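Data first, discussion second: the structure below is written as structure tokens.
The values are calculated or read from the model by the stated rules, or taken from the named source; none is laboratory data. Since the model is a prediction, treat every value here as computed from it, not as a measurement. Neighbour counts run over all protein chains shown; Cβ positions are idealised from the backbone, glycine included. Ligands, DNA and RNA are excluded from the accessible area calculation, which covers all protein heavy atoms including side chains. Shrake-Rupley method; radii C 1.70, N 1.55, O 1.52, S 1.80 Å.
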Amino acid sequence: MEVVFMKAPHFRARIRPLRTTLAIMASSALTLTGCSLAHKFFEPNIVKEEVSEVRYLDQGWSEEDRQLFYNTPQGTELQGLHYAWLKALELPFSKEKLASAENMRGWGFIVDDEPASEESGVHPVGMGSHVNPTDDSVRLDLGCALCHTGELHYNGVALRVDGGQAIHGMSTGNRGEFIYSLGASTLFTNLSGSKWERFADEVVGPDEAARKQLKADFSAFKEHFFTFADGPGRDENFPTTEGRGRTDAVGRIGNVVFGYNLGIEDNYKKADAPVSYPFLWDIWRFDWVQYTGFTNQAMARNVGESLGVMAPINLVDENGELLPDGEFGQSTINVEGMQCIETTLRKLRPPKWPEDVLGKIDIDQARRGKDLFADQCAHCHGPHQSKPYQWQLAAGPGDNPDRQRSVNWQWDMSGQISYDDQNRPLREDWRESIWAVPWIDISVIGTDPTAAKNFVNHTYDPGPLVAKNPDDPNDAENRKVSAGDGLQLLLNELIPVLYKNSGISSDNNGIADYDGLNVPFRIANKAAYKARPLHGVWATPPFLHNGSVPTIYDLLSPFEARPVRFGVGHREYNPVKLGYVTDMRPGNFEFDTKQTGNSNAGHLFTDADVDGRIGERLSEGERMALIEYIKVMGNPDFSDALGGDPQNWAQYPEAPASAIGEQACNQFRHTAPSLASREVSP
């Protein structure tokens, strides 16, 4: 059956300011070919890096695990960009490739020295491919590893942090950044006959029929790209620049799902709360995930994320009504790929501090820091081990034991079911133990509240997801939903359809496994942030949820000592302060903590009675002792030297084995000898 993905049917004729602006500049500039000023205007904004060696930190992964994470598709697309096109596109006023290794690294992507094959060209870690069912074309897939793989550079050595925080500006539309440059390259390729000829020669060769089809496909991509850029992606939706290493994830998901996918332009909201890409090791242990801890289930988290990262999907018809069975939910979203990634992530351990690169540990200082952490930090960051939960279920229509905005009782009952002493159905979490991650109210933690407030206060017209009540004069207002509740309404309908389309059933506990170890989907709406455990946090700068504090040293220092403005974009690491070097360099983004969503307040060690106080003011010696312990906190190699470490991650139970998850990975397995032979840091 042919799948035709429908997008934003209600406002195709709206003005497209980004397209118009770029087209005017491109047309004018083309009359000045060779003009250095025009060339400068479209020049990539890149950071220069000098790396002589790449090392993979010891995180418990095999090379096959790493390649699964780097390359397994989740079904997202960049408005239909074909995989081969990225390699072939040129920069404006140049024959230089847009996606050269130097440019991609300079934009903050991680590029391995050798491509997977000569044909694939330069595709950064996390930029994989999948086959789109509409035309069987190979499309660029933006995978989890794109935003959740980090690198720390020190003395020419690049330390790869799998599951860490990326530092690219993938979603930032500023001039010179990747997305802006991609748009400019697309327009110039269309406007310049010589560029088009070179592009077509490289992509399809001399075949005239193939070149004609390429022209049509490329024009469709251009249309999708600029329709999106001037809809949910337009500048006015992002008054606070995301910059490098951040995105307003929930804001973007809300705008894409409720505005773009449902075709309701009034649902676009200001996304002014960018957050850092979180690190992923140990997340399978958490009871609630996301910065505000708003959901409990891996599959719901991943499908919501894939929608925000522009996975094509069919939801509504041209009248804004939900599509009928068989058409609703047709998508490129790959739940098998997501299950493979989740299964692989459960094997990932926190990174170990490489003494031979970053320096020897002062054990005496670390012991002192261990005691300080137990006294000042562990009451929030734990880990707070708990017995797995027994989730009450909706057993039939009308049941809603957890008082959710929406519940799909058939999905609830498709897991592995047991019964309590009153014969009520339960799902028993398969994990041996979990980490109960506490929510800390925004007034208590004192950090920038914008992300948490936006999550609970931004409301959306749910369109056809909620039936209208013609007898209620306030129906339009009463039907509105928060981002969490709106996602719940959609995902309760969508995920079971995705399972069905992929042949995932309750047989042999298939749905229970895909649901994330038998966890039913729930939403919590709280104006709070979760206090996650901190194993390996030394490798995840910058800090706080919005990336507003560049180093752990700054985070432990008095508020008045925290940098107000600092550079973000290069990956040069400071092993003394535990964070990136903060000076401004060419290509950097200047982080301004005075902008909305960027506050660096809260999480304070101070003697003053103020919001956000979490402990007493630390002396310089105490700060340095805590830093020394944080370098090795939980690392079993240092437990004995520390006189026993209550954070030792070797004590925590491993994830349950998942034959279903491993089976999901089979279709994505491959080897990469050039990577497997590289040195692994001890």
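Quick one: is Arg105 over 23 Å from Lys347 (Cβ atoms), part of a helix (DSSP H, G or I) and in contact (Cβ under 8 Å) with a residue 24 or more places away in the chain?
yes
Considering only residues that are part of a loop (DSSP other than H, G, I, E, B) and over 18 Å from Pro324 (Cβ atoms), look in the stretch 467-476 and name the one that is nearest to the chain's Cα centre (by Cα).
Lys468
Report the residue count in the stretch 598-616 for those that are touching a Lys or Arg at 6+ places or on another chain (Cβ under 7 Å), in a loop (DSSP other than H, G, I, E, B) and buried (at least 18 other Cβ atoms within 10 Å of the Cβ).
Here the count works out to 1.
Looking at Phe188, Phe226, Phe221, which is the one that is in contact with a Lys or Arg (Cβ under 7 Å, 6 or more places away or on another chain), within 28 Å of Pro274 (Cβ to Cβ) and assigned to a helix (DSSP H, G or I)?
Selected residue: Phe226, the only one of Phe188, Phe226, Phe221 that is in contact with a Lys or Arg (Cβ under 7 Å, 6 or more places away or on another chain), within 28 Å of Pro274 (Cβ to Cβ) and assigned to a helix (DSSP H, G or I).
Run down Asp356, Asp364 and say which single residue is over 22 Å from Met413 (Cα atoms), charged (D, E, K, R) and touching a Ser or Thr at 6+ places or on another chain (Cβ under 8 Å).
Asp356
Tally time: how many residues in the stretch 38-60 are open to solvent by 30 Å² or more (accessible area, probe 1.4 Å) and not in a strand (DSSP E or B)?
Summing the residues that are open to solvent by 30 Å² or more (accessible area, probe 1.4 Å) and not in a strand (DSSP E or B) in the stretch 38-60 gives 12.
Could you tell me whether any residue of the stretch 242-257 is within 25 Å of Ala476 (Cα to Cα), in contact with a strand residue (DSSP E or B) (Cβ under 8 Å, 6 or more places away or on another chain) and either open to solvent by less than 20 Å² (accessible area, probe 1.4 Å) or part of a loop (DSSP other than H, G, I, E, B) (or both)?
yes
Assuming Glu64 fulfils every condition listed in (1) at pLDDT below 95; (2) under 27 Å from the mean Cα position of the chain (by Cα) apart from one, which condition is it?
Every listed condition holds for Glu64 apart from (1).
Right, Tyr529: part of a strand (DSSP E or B), in contact (Cβ under 8 Å) with a residue 24 or more places away in the chain, out of contact with any Cys (no Cβ under 8 Å at 6 or more places or on another chain) and open to solvent by less than 40 Å² (accessible area, probe 1.4 Å) or not?
In short, yes.
Could you check, for the stretch 442-465, whether at least one of its residues is touching a Lys or Arg at 6+ places or on another chain (Cβ under 9 Å) and free of Cβ contacts under 8 Å to residues at least 24 places away in the same chain?
yes
Taking Arg367 as the residue in question, decide whether it is out of contact with any Phe, Trp or Tyr (no Cβ under 7 Å at 6 or more places or on another chain), assigned to a helix (DSSP H, G or I) and either aromatic (Phe, Trp, Tyr) or over 30 Å from His130 (Cβ atoms) (or both).
Spelling it out, Arg367 is indeed out of contact with any Phe, Trp or Tyr (no Cβ under 7 Å at 6 or more places or on another chain), assigned to a helix (DSSP H, G or I) and either aromatic (Phe, Trp, Tyr) or over 30 Å from His130 (Cβ atoms) (or both).
Just checking, how many residues over the stretch 444-478 are over 23 Å from Pro274 (Cβ atoms) and out of contact with any Asp or Glu (no Cβ under 7 Å at 6 or more places or on another chain)?
Total satisfying the criteria: 13.
Residue by residue through the stretch 140-196, note down the ones that are crowded, with 21+ Cβ neighbours inside 10 Å, under 14 Å from Glu90 (Cα atoms) and polar (S, T, N, Q).
The answer is Ser181, Ser185, Thr186, Thr189.
Give me the residue from the stretch 617-653 that is of a type in the set (D, E, K, R) and closer than 16 Å to Ala561 by Cβ and, out of that set, surrounded by the most Cβ atoms within 10 Å (Cβ to Cβ).
Ranking the qualifying residues of the stretch 617-653, first place goes to Arg623.
Which is surrounded by 17 or more Cβ atoms within 10 Å (Cβ to Cβ), in contact with a Ser or Thr (Cβ under 9 Å, 6 or more places away or on another chain) and touching a residue at least 60 places away in the same chain (Cβ under 8 Å), of Thr540, Thr582, Thr551?
So the residue among Thr540, Thr582, Thr551 that is surrounded by 17 or more Cβ atoms within 10 Å (Cβ to Cβ), in contact with a Ser or Thr (Cβ under 9 Å, 6 or more places away or on another chain) and touching a residue at least 60 places away in the same chain (Cβ under 8 Å) is Thr540.
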